[in-house]
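Here the structure comes first, spelled out in structure tokens, and everything after it is commentary.
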There are 2 protein chains.
Amino acid sequence: MKVLIIGAAGMLGRKLAERLAADGRIGASPIGTMHLVDVVSPPVNEGRPAVETEVADLSSQGTAEKLIAARPDVIFHLAAIVSGEAEADFEKGYRINLDGTRELFEAVRRAHEADGYRPRLVFASSIAVFGAPFPERIPDSFHLTPLTSYGTQKAIGELLLADYSRRGFFDGIGLRLPTICIRPGQPNKAASGFFSNILREPINGEEAVLPVGEDVRHWFASPRAAVEFFIHAATLDLETVGPRRNLTMPGLAATVGEEIAALERMVGPEAAGRIRREPDATIAGIVAGWPRAFEAQRACELGFEAETDFDEIIRVYLEEEGGGSAV
Amino acid sequence: MKVLIIGAAGMLGRKLAERLAADGRIGASPIGTMHLVDVVSPPVNEGRPAVETEVADLSSQGTAEKLIAARPDVIFHLAAIVSGEAEADFEKGYRINLDGTRELFEAVRRAHEADGYRPRLVFASSIAVFGAPFPERIPDSFHLTPLTSYGTQKAIGELLLADYSRRGFFDGIGLRLPTICIRPGQPNKAASGFFSNILREPINGEEAVLPVGEDVRHWFASPRAAVEFFIHAATLDLETVGPRRNLTMPGLAATVGEEIAALERMVGPEAAGRIRREPDATIAGIVAGWPRAFEAQRACELGFEAETDFDEIIRVYLEEEGGGSAV
């Protein structure tokens, strides 16, 4: 089996590539080659499959064609510029997130028409396709009314994916990922950064800033759960999914207070003591427009699973990233 | 006020242009010029405003730029290839219905950035953005899961319209039109054609074929109601609409049996006698996947209005098209 990961240098792309390299297979199928592509050089993984890395911009003419020249059996399309950048640079957001996705889908369609090629295509979407106001728990049948250009571009990707799948050009599935927590690495300036920062930095013996109240509720899954989503999506029988190919992934609905209580339990009260409360009205305002919880009924029925409490989310971080000085 | 109608040779485009020419104004604003554009020559209307017609393909390079060169205050974007053709010709459907729409939106964005241009843009969408299975009455918050490429292209147009409006490039509003009934003219081969055929042909003394049962329920508005939707959308205060700029228009939920009963009342039993029942399993299957009724709560609250019974829909046809030999 040949695997192509587009966006392989991103946090989730790297973790997915590492996991596949370690497993050497997807479901029952051994992986022969892995092709890792991103706009910056993806790290090479040590493992059984032959790994080829490539620096390429999906939105540039002819790139998509070349990426599928070897006819990968499974394509993971994770490439995107993030919400903040897509909002700051309108043209770049549409070029990368919409045109890049469409170039890929079109290249697969042309290959399908030339030689019957029909890969599994797993698309990373986002809960940013939804926009406030929301019901307390958002049902699978809730409309897409994104309030960012990023969310708009992901929603359009979903619509294209469903239509191209319905037409039989590829066998696509779109996964609306929860906010990934705990993100490893450095604190970032994304408005959502604090959800990870207030756990990761204290675990690593550093101070972190909490800009919102402890009653703020949001929707989370660990990076490991996200990687499991992608792998499950690659092996799922899509006949049972039907034409509605975009699924809200399961997650954990939890408050900031619940995050902090789990940090105390899992790491200790001194870790929780490293959180500095600095209310920021701007961030609080942005976060107030975010979803708090989803039903994710279809995805759960199809066997997708996320963490069920924040202790588990912290445990995943400690296992995958080590714990720094505090553990 | 300058008005641009793209898709002005279509059935609704023609009726909208005729109505605006007759009114000479939109709301309180006199119309100075009307620019009527389509891929075939739009009819010239007699009326007060100066009318310019043009044959142009929105999806061809540079066309959108030229169409907005005079900076129309209101743009009605009705141009599209229909559902059947978009399904039969995948590339043409995406080129006209998606790329054409995006070219227009991009041309307005560039003009906005050059000189602050910010027109009202009224976009004709469709209930084809929805796909079965449905609840009996579809709420405004129901998700978009189109089951045709046409519906996909309209849904993408809606998402772009909302994002471009949110960004302030134009002041957009999308109208999801019900099935328009009674369509004037010749019977057409669209799967939905019989809803109009079984009224129009008998009114004109001709036979018509009914391929489905009388219990089939669907969602209708007259051509006159659709024109009223467009005009109301052009004058509505969009501040009150907020960021959810795409609205399911009100309509009449009625069965085929109710259509026929109205035909008997309005025209006579001999007209209803001209309907020949020829069940067609293929058409019945297609129609079974169509929506039956919508709540359309937001649109109603915003003052959009449709017919409330089929007698009224037939009366509109008799007034606008005359009644042929049977009346």
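The values are calculated or read from the model by the stated rules, or taken from the named source; none is laboratory data. All figures in this text were calculated on a predicted structure; none of them were measured in a lab. Because the Cβ atoms are built from the backbone with ideal geometry, glycine has one as well, and the counts that use them run over all protein chains shown.
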The stretch B:1-114: helices (runs of 4 or more DSSP H) wholly inside it with 2 or more residues that are farther than 25 Å from B:Arg183 by Cα and among the hydrophobic types (A, V, I, L, M, F, W, C) are B:63-67
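Quick check: anything in the stretch A:134-151 of a type outside the set (Gly, Ala, Ser), in a strand (DSSP E or B) and touching a Leu at 6+ places or on another chain (Cβ under 8 Å)?
No, the stretch A:134-151 contains no residue that is of a type outside the set (Gly, Ala, Ser), in a strand (DSSP E or B) and touching a Leu at 6+ places or on another chain (Cβ under 8 Å).
The rows are residues; the columns are (1) within 13 Å of chain B (Cβ to nearest Cβ); (2) basic (Lys, Arg); (3) closer than 28 Å to A:Gly62 by Cβ.
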position	(1), (2), (3)
A:Arg95	yes, yes, yes
A:Asp99	yes, no, yes
A:Gln153	yes, no, yes
A:Ile173	no, no, yes
Single condition A:Asp237 does not satisfy, out of (1) farther than 27 Å from A:Ala288 by Cα; (2) buried (at least 17 other Cβ atoms within 10 Å of the Cβ): (2)
A:Glu158 versus (1) surrounded by fewer than 24 Cβ atoms within 10 Å (Cβ to Cβ); (2) within 13 Å of chain B (Cβ to nearest Cβ); (3) of a type in the set (Asp, Glu); (4) under 21 Å from A:Pro250 (Cα atoms): which is the lone unmet condition? (1)
Can you name every residue in the stretch A:208-238 that is at pLDDT 95 or above and among the acidic types (Asp, Glu)? A:Glu214, A:Asp215, A:Glu228
Considering only the stretch B:132-151, state which residues are more than 9 Å from chain A (Cβ to nearest Cβ) and either crowded, with 23+ Cβ neighbours inside 10 Å or of a type in the set (Lys, Arg) (or both). B:Arg137, B:Tyr150
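Which of the residues that make up the stretch B:159-178 are part of a strand (DSSP E or B) and either under 15 Å from B:Leu104 (Cβ atoms) or not aliphatic (A, V, I, L, M) (or both)? Walk me through how you get there before you give the answer.
First, pick out the residues of the stretch B:159-178 that are part of a strand (DSSP E or B): B:171-177.
Those that are part of a strand (DSSP E or B) and either under 15 Å from B:Leu104 (Cβ atoms) or not aliphatic (A, V, I, L, M) (or both): B:Asp171, B:Gly172, B:Ile173, B:Gly174, B:Arg176.
Inspect all residues belonging to the stretch B:297-319 and state whether any of them is acidic (Asp, Glu), surrounded by 20 or more Cβ atoms within 10 Å (Cβ to Cβ), outside any strand (DSSP E or B) and in contact with a helix residue (DSSP H, G or I) (Cβ under 9 Å, 6 or more places away or on another chain). I'd like the intermediate steps shown before the answer.
So the first thing to find is which residues in the stretch B:297-319 are acidic (Asp, Glu), and the list is B:301, B:305, B:307, B:309, B:311-312, B:319.
Those still in the list that are surrounded by 20 or more Cβ atoms within 10 Å (Cβ to Cβ) too: B:307.
Checking which are outside any strand (DSSP E or B) leaves us with B:307.
Then drop every residue that is not in contact with a helix residue (DSSP H, G or I) (Cβ under 9 Å, 6 or more places away or on another chain), which leaves B:307.
Looking for residues that are acidic (Asp, Glu), surrounded by 20 or more Cβ atoms within 10 Å (Cβ to Cβ), outside any strand (DSSP E or B) and in contact with a helix residue (DSSP H, G or I) (Cβ under 9 Å, 6 or more places away or on another chain), one finds at least one in the stretch B:297-319, hence yes.
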Name, by its number, the condition in (1) in the same structural domain as A:Asp115 (by TED's automatic domain parsing); (2) modelled with pLDDT of 95 or more; (3) in contact with a Leu (Cβ under 9 Å, 6 or more places away or on another chain) that does not hold for A:Val241. (2)
Conditions (1) free of Cβ contacts under 8 Å to residues at least 24 places away in the same chain; (2) outside the structural domain of B:Gly257 (by TED's automatic domain parsing); number of the one not met by B:Asn197: (2)
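Please verify whether the stretch A:51-74 includes one or more residues that are assigned by TED's automatic domain parsing to the domain that holds A:Val129, of a type in the set (Ser, Thr, Tyr), at pLDDT 95 or above and touching an Asp or Glu at 6+ places or on another chain (Cβ under 7 Å).
Yes.
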Among (1) at pLDDT below 95; (2) more than 18 Å from B:Asn197 (Cα to Cα), B:Asn246 falls short only on (1)
Checked the stretch A:240-277 for anything on the phi < 0 side of the Ramachandran plot and surrounded by fewer than 16 Cβ atoms within 10 Å (Cβ to Cβ); matches are A:Thr240, A:Pro243, A:Gly257, A:Glu264, A:Arg265, A:Pro269, A:Glu270, A:Gly273, A:Arg276, A:Arg277
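Given the structure, is B:Gly84 surrounded by 23 or more Cβ atoms within 10 Å (Cβ to Cβ) and within 20 Å of the chain's Cα centre (by Cα)? Explain how you work it out, then say what you get.
Numbers: surrounded by 23 or more Cβ atoms within 10 Å (Cβ to Cβ): no; within 20 Å of the chain's Cα centre (by Cα): yes.
No.
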